[in-house]
Every structure is written in structure tokens, then in C-alpha cells.
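Below is one structure, written out as C-alpha cells, with a few remarks after it.
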Amino acid sequence: MGKPTKSSTLGSKVLYIDIETSPLVCLTWGMWQVNVAKLLEDMYILCVAYQLEGEKINVIKCESRQDDRNLCKQLHELFSQADIIVGQNGDSFDIKKINGRMAFWGFDSPPPYKTIDTLKILKRRFGLTKNSLDFVCQYFKIGKKKKHQGIDLWDNCMRDINHKDWKTMEIYNKHIPPRNFDGFRSTGRGKFR
């Protein structure tokens, strides 16, 4: 997908996304640089934060362990409405993972859309020390991602759809590019395009 020009985004329906996926569950013979002996559970989408431009940020979570069908159905509807989809590392990760899970559940490909991958823009335009969303937001003083306990957050959310850690996961997931990069633009420090 090509990079839209300023004129091509005017009047377009823009969708901002960020997904959190489950880690793989597998058997190995070690804990460092090992081959997976057996894959027990493949990844699935735990939750997605999304925002249609001008609207509030929403989060959709999976219904149970490995059951992201309804989440994918809702994403398919959102992708079908969008002219442009924006995400941090969206081209290499989020959109590909979403497309893979939609195909797994038997959904047709959504209509064509353009993408804006904010990670590609960061790498192309800025020589920052690190390009993670959290680092970039702190660097430009426009917020930071929610701190959490690490992999235990994902583990708890995978094990129990009603676990108290889902509140933390949803807050963590809601820190998506639109709010952050709109904030960057409003600081007067420049534009990402």
C-alpha cells in the first residue's frame, strides 16, 4: 500500500489500530535460542484498540481463550469501512496478523485500503535512539504507555477472560498512534509526513 498524500487523506475514513496478541504456547528443550519441539497453541488476538478519526478510542477483546472470531468479525467490518488504516508497525505486524486471523475464521478480504505505518515514518524521518511507541511518545512529551508486570499480564488475560488484569491490558492497549501522533503534531514540533 502506498503512502497517501495530504490531499488523498482529506475526506477519507481513517481507522487507527493497535492489537495485542497472545504469545505462542509451546514445548521446548531449553529456554534460550531453542527450536520449538511442539506448538501447543498458536497466537490469536487478545484485544484490539481502535479509533475512527474524530471518535473515541474503543477496545474489543476476545471472548475466550483462542476465540477471537467475534473480534475478527468486528475488525473486518471496520477494515471494510476504512479508506486508510494507521498503526505503529501496522504493515509488518498488526495488519498481517489481523488478515491471518480473519482468513482463519473464513472472512473474505476487506475492500482495498491504504495504510500509514508510523514506524516506517519514524525510521525514515527521524534518527531516534529507539522507535517504540512508548519511547517516541516520551521523547516528544506526549504521554507514555501504561506500565505493567510484563508477560504475566498476557498470561493472566489468556487464562481468564474476566481476570482483573484485563483492565490494565485495555489501558495499555488504548495507547494507540492517533492520540499520540495528533499530540505530536499539536506541539508544533513538526509533522510525521
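The values are calculated or read from the model by the stated rules, or taken from the named source; none is laboratory data. Keep in mind that what you see is a predicted model, and the values were worked out from it rather than measured. Glycine gets a Cβ as well: all are built from the backbone with ideal geometry, and neighbour counts include every protein chain shown. The protein model used for the area step is the full one, side chains on, heavy atoms only, and it has no ligands, DNA or RNA in it. Shrake-Rupley method; radii C 1.70, N 1.55, O 1.52, S 1.80 Å.
Odds and ends about this structure:
- Which listed residue, of T168, T129, is more than 30 Å from D83 (Cβ to Cβ), β-branched (V, I, T) and in a helix (DSSP H, G or I): T168
- Within the range 99-120, the residues that satisfy the criterion of being under 20 Å from K13 (Cα atoms) and surrounded by fewer than 22 Cβ atoms within 10 Å (Cβ to Cβ) are N99, S109, P110, P111, P112, Y113, K114, T115.
- Qualifying positions in the range 61-85 - farther than 26 Å from H163 by Cα, outside any helix (DSSP H, G or I) and open to solvent by 10 Å² or more (accessible area, probe 1.4 Å): D83
- The residues of the range 124-153 that are open to solvent by less than 90 Å² (accessible area, probe 1.4 Å) and among the β-branched types (V, I, T), listed by number, are V136, I142.
- The selection criterion, being within 13 Å of the chain's Cα centre (by Cα), free of Cβ contacts under 8 Å to residues at least 60 places away in the same chain and either under 25 Å from T168 (Cα atoms) or open to solvent by 50 Å² or more (accessible area, probe 1.4 Å) (or both), holds for K96.
- Residue that is surrounded by the fewest Cβ atoms within 10 Å (Cβ to Cβ), among those in the range 27-60 that are under 26 Å from M102 (Cβ atoms) and of a type in the set (S, T, Y): Y44
- Qualifying position, being more than 30 Å from V25 (Cβ to Cβ) and in a helix (DSSP H, G or I), among I98, I121, I142: I121
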